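The structure appears below as structure tokens.
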Amino acid sequence: MQTAKRLERIQPSFIRDILSAASESNILSLAGGLPASDHFPLALMANPMAQLAHDPTLFQYGETQGYGPLLSHLKEHYSISEMHRMLICSGSQQGLDLIARAFLNPGEGVAMEAPGYPGALQVFALSGGMIHSVAQNVNGPDIAMLETLFASKKVKMFYAVPDFHNPTGVSWTLEIRQKVATLCRQYDIALVEDAPYRELRFTGDHLPMVSSFCPERALVLRSFSKIATPGIRLGMLSAPAQWLSALLKVKQAADLHSGVPMQSLLLSLLSNPEFPSYIKRLCQCYGERYQALANALESYLGGAFEFASVQGGMFIWLRIPGGDPLDIAKRALSKGVAVVPGNAFYHDDFLPSEAALRLNFSHACPSTLREAVRRLATLLV
Ligand SMILES: Cc1ncc(COP(=O)(O)O)c(C=O)c1O
């Protein structure tokens, strides 16, 4: 059978190919965006997990919007805007897909930073949206370029990852957050704020969400993959009340609702009094792993390979002075290291101004990170 035409717009995933090679036992992987499995909060989840077996009501069909007690908890926990309604989705990735399917007609414009999250590139390409790339600077998107784009093209929404961006780790400054919200208002553009890494800050000051400056036009995606576990596949979408019914229609068509037992388990975890100190320890662990990777890059690679320091999240964006990142990533595999080439994070219309590799520091322990960089250095220096 012939595949649907829209699938032709989806590029093969570099990351998937590299990740499948990365799972081989002799490969040290800096490639995936995997949280630290040795830090999963399984001890905090063990009791509630055992309790699930005693509550058959949780195993019945549930509400499309989500499990009521979880929704109430999240409303309070995240101080959700009075204008907004929430929807539990099967990972924030599904939330993104619901947004694209509910609001983006083929050919309508969606702006996003370049480089950008490949999962978003895929969703927007699949929905038939027209992707417009905006260069990213150290403080966030290039504001002049963003305004020109908003003024000159038919852009319906701006997709953004303002906290510890994937792949660059960049966190937008307060000034950029306010400017972007102002531009979205001025040009009547919806803001899609994707915040899966927001809680993973290990240094620096907490900044307000961009959506807090323009809640009336913001769709906000939260993920529980990085603070609970990815395997439970839960995320949350909040949006102005008048947009919820469109999202609910698509959610219903997609999978009726996200799994209720996992939502109940997540509620138990988030409301456990030990949870805040668990997150603190997790951030501390990521801070140590980041430092181990940064130190190894400095000592093995030297000044020719630059990277900006990050204050949280999971990634370092390593700029390489020459060579094709894809070729380097392939050759790195033969040295026993998996990394993701920067090419994987660009839409076709955007010519990258720099060659880079994305390196993950959340998954491997400090000694593994160091050894991986030592191996990488044998290829690069
Ligand atoms: C920027 C960004 N958004 C969304 C996701 C998807 O997260 P989830 O596991 O909640 O579907 C990821 C996953 O790594 C991501 O990096």
statement: Using alpha-carbon coordinates alone, the radius of gyration and Dmax of the chain in Å work out to 20.6, 60
query: So what's the back-of-envelope 222 nm ellipticity for the chain, counting only DSSP H runs of four-plus at -39500 (n - 2.57) apiece and dividing by all residues, rounded to 500?
result: -12500 deg cm²/dmol
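Work out, in µm²/s and without decimals, the Stokes-Einstein translational diffusion coefficient of the stretch 56-270 at 25 °C, 0.890 mPa s, Rh from Kirkwood over C-alpha pairs. Walk me through the numbers on the way to the answer.
Details: Rh = 17.4 Å.
Once the numbers are plugged in, D ends up at 141 µm²/s.
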- prompt: Between the stretch 203-278 and the stretch 32-81, what's the alpha-carbon centroid distance in Å?
  reply: 11 Å
- prompt: Would you list 274, 193, 216 from the most to the least accessible area, probe 1.4 Å?
  reply: 274, 216, 193
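Largest first and in whole Å, give the semi-axes of the stretch 251-329's equivalent ellipsoid, each being the square root of 5 times a Cα gyration tensor eigenvalue.
After scaling each eigenvalue by five and taking roots: 38, 22, 8 Å.
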query: In the neighborhood of residue 310, defined by Cβ-to-Cβ distances under 15 Å, what is the net charge if each Lys or Arg adds +1 and each Asp or Glu adds -1?
result: 0
statement: To the nearest 20 debye, the chain has a Cα-centred charge dipole, built from +1 on Lys and Arg Cβ and -1 on Asp and Glu Cβ, of 320 debye
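Probe of 1.4 angstrom, ligands and nucleic acids ignored: what's the accessible area per residue over the stretch 56-270, in square angstrom?
Details: 8100 Å² over 215 residues.
Each residue of the stretch 56-270 exposes 38 Å² on average to a 1.4 Å probe.
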- request: Would you tally the net charge around residue 41, using a Cβ to Cβ cut-off of less than 10 Å, leaving residue 41 out, and scoring K and R as +1, D and E as -1?
  value: 0
Listed residues 357, 339, 308: farthest to the positive end of the dipole of the stretch 292-381 (Cβ charges): 339
task: For 317, 243, write out the residues from largest to smallest accessible area, computed with a 1.4 angstrom probe and no ligands counted.
output: 243, 317
task: Rank by packing, highest mean first: peptides 360-367, 75-82, with packing defined as the count of other Cβ atoms within 10 Å averaged across residues.
output: 360-367, 75-82
query: Can you give me the relative contact order of the chain as a percent, contacts being Cα pairs under 8 Å and 6 or more apart?
result: 25 percent
statement: For the stretch 56-270, the percent of accessible surface on carbon and sulfur atoms (probe 1.4 angstrom, ligands and nucleic acids excluded) is 54 percent
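Restricting to bridges with both residues inside the stretch 56-270, how much of the DSSP beta-bridge set is antiparallel, in percent to the nearest 5? Before the final figure, lay out each step's value.
On the way: 12 of 30 bridges.
So the antiparallel bridges in the stretch 56-270 amount to around 40 percent.
Could you rank the peptides 225-231, 158-164 by their average count of other C-beta atoms within 10 Å per residue, with the highest value first?
Values: 225-231: 19.4, 158-164: 26.6.
Descending packing order for the listed peptides: 158-164, 225-231.
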- line: Protection proxy (average C-beta count within 10 Å per residue), highest first, orders 52-58, 30-36 as 30-36, 52-58
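The values are calculated or read from the model by the stated rules, or taken from the named source; none is laboratory data. This structure is a prediction, so every number in the text was calculated from the model and none was measured. When we count neighbours, we look across all protein chains shown, and the Cβ atoms used for this are built from the backbone with ideal geometry, even at glycine. Heads up: the accessible areas ignore ligands, DNA and RNA and are worked out on the full protein's heavy atoms, side chains in. Shrake-Rupley method; radii C 1.70, N 1.55, O 1.52, S 1.80 Å.
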